[in-house]
Structures are given as C-alpha cells and as structure tokens.
Amino acid sequence: MLTFSDHWLDQARHVPSPNHDRRPDPADISLIVVHSISLPPGEFGGPWIDRFFTNCLDPAAHPFFAEVAAMRVSSHFLIDRDGELTQYVPCDRRAWHAGRSCWRDRSECNDFSVGIELEGEDQTPYTASQYRILAQLVHSLRRAYPRIAADAVTGHCDIAPGRKTDPGPAFDWKALEQAMEERHS
Ligand SMILES: [Zn+2]
C-alpha cells in the first residue's frame, strides 16, 4: 500500500527538483500523464535523470546532454527499470512535464495533471515491475486525489500528438489494465 504525506509518497526516494510552480487551481488534480525517458537516449541506469530534473546534468558528460542540459523540466514521479520509485515534485505543485498539450478540450495539462516517467524508450518493452508499480501508483493517486477519474490516464503522445511520441508503441495499455486488476486479486 502506497501512502502520501503532504503530497510526497512515503515509499518513494525523494529527490526534490526546483522545477515546479503553483497550480492555477491546486485542488484540481484530475489527470495522470505517462511518459518515458532515458538518458542518454536508449541507455538505462545511471544518475542522469535525477541530475536532469535537478538542473545538474553535466553538458560535457555526453553529446546529447549538451542539447538538453539547459532545459528546465521535471516530473512528479519516475519508475526505473527495476520498479524503483522516485518523486521529484510534490503532487500539489505543478511539475513541468507535458508542455503544450491538450486533453479532452483542456489545454495546458501541467496545470491539472500528475506526470509519471517510466525509464524506457518508445520501442523497448517496459518491464513487468514497471507495470506493477505503475498500477499501484495510479491506484494510490486516485485514492489521494479523487478527481482523477478511472479513465483519466493518458500518454504524453496522446495529449501532444505530432510533437511527442512517448511512452510509444512499446507501452502496453492492456498490461497496465491487467496489472490494475491483479492488484485487486
Ligand atoms: Zn513525455
């Protein structure tokens, strides 16, 4: 069972990011956005995602890092390949993960969503641990923030089509559904 204290998940590793601000309506937390990230692209492990979300990525450490090191972005959560959970931004604050986006006629999804990054990339199957932990996290978020409806879980590619492709064709929505059901059994 996952629990929250002051909008921080008790069971997650906490790596506070400075990249957040006030939600226009702090009570409106009604959408979950699933992303994927890997740094450098296609490689898993290492300290790079933590450093990226805390503005400490060394641009000299990899050619790709030089391109992205100056970006100021964040997500509420990361689930790594082993299913380990990290939280960067408390849920009542607006993390900077979705960018220009639109969900069911509402734009600026950062305003009202929780961002969850899966360590991965579009074409590589996600791990069973990631689906299991994601299902637990979605369930716990919906319990803590009841405005998140059962069907209010979407992919970054779905709210920013043409601009974003994550979590990509490798993300298996049926596997998430199944993991949500198994959680009950
Ligand atoms: Zn994304």
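Amide H of Ser36: which non-local residues (sequence gap of 5 or more, or other chain) have their own amide H closer than 5 Å, using H built in the peptide plane?
Leu118
So how strong a dipole does the chain carry about its Cα centre when Lys and Arg Cβ are +1 and Asp and Glu Cβ are -1, to the nearest 20 debye?
Here the chain has a charge dipole of around 420 debye.
Over what distance in Å are the Cα centres of segment 8-62 and segment 70-136 separated?
If we compute the Cα centre of each part, the gap is 8 Å.
Projecting each Cα onto the charge dipole of segment 12-184 (Lys/Arg +1, Asp/Glu -1 at the beta carbon, about the Cα centre), which of Pro125, Ala12, Ala69 comes out farthest on the positive side?
After comparing all options, I get Ala12.
Which percent of the accessible heavy-atom area of segment 12-184 goes to carbon and sulfur, probe 1.4 angstrom?
51 percent
Would you mind classifying the chain by shape? Square roots of the alpha carbon gyration tensor eigenvalues, ordered a ≥ b ≥ c; an a/c under 1.5 is rounded, otherwise it is prolate if a/b is larger than b/c and oblate if not.
It is rounded, given that a/c, with a ≥ b ≥ c, falls under 1.5.
How large is the accessible surface per residue of segment 12-184, computed with a 1.4 Å probe and reported in Å² as a whole number?
I get 46 Å² per residue for segment 12-184.
Can you tell me how segment 120-161 classifies by the Cα gyration tensor, rounded, prolate or oblate, using a/c under 1.5 as the rounded cut?
oblate
The values are calculated or read from the model by the stated rules, or taken from the named source; none is laboratory data. None of these values were measured; they are calculated from a predicted model. Backbone-built Cβ (ideal geometry, glycine too); neighbour counts: all protein chains shown. Protein only, heavy atoms only, side chains kept; ligands, DNA and RNA dropped before computing areas. Shrake-Rupley method; radii C 1.70, N 1.55, O 1.52, S 1.80 Å.
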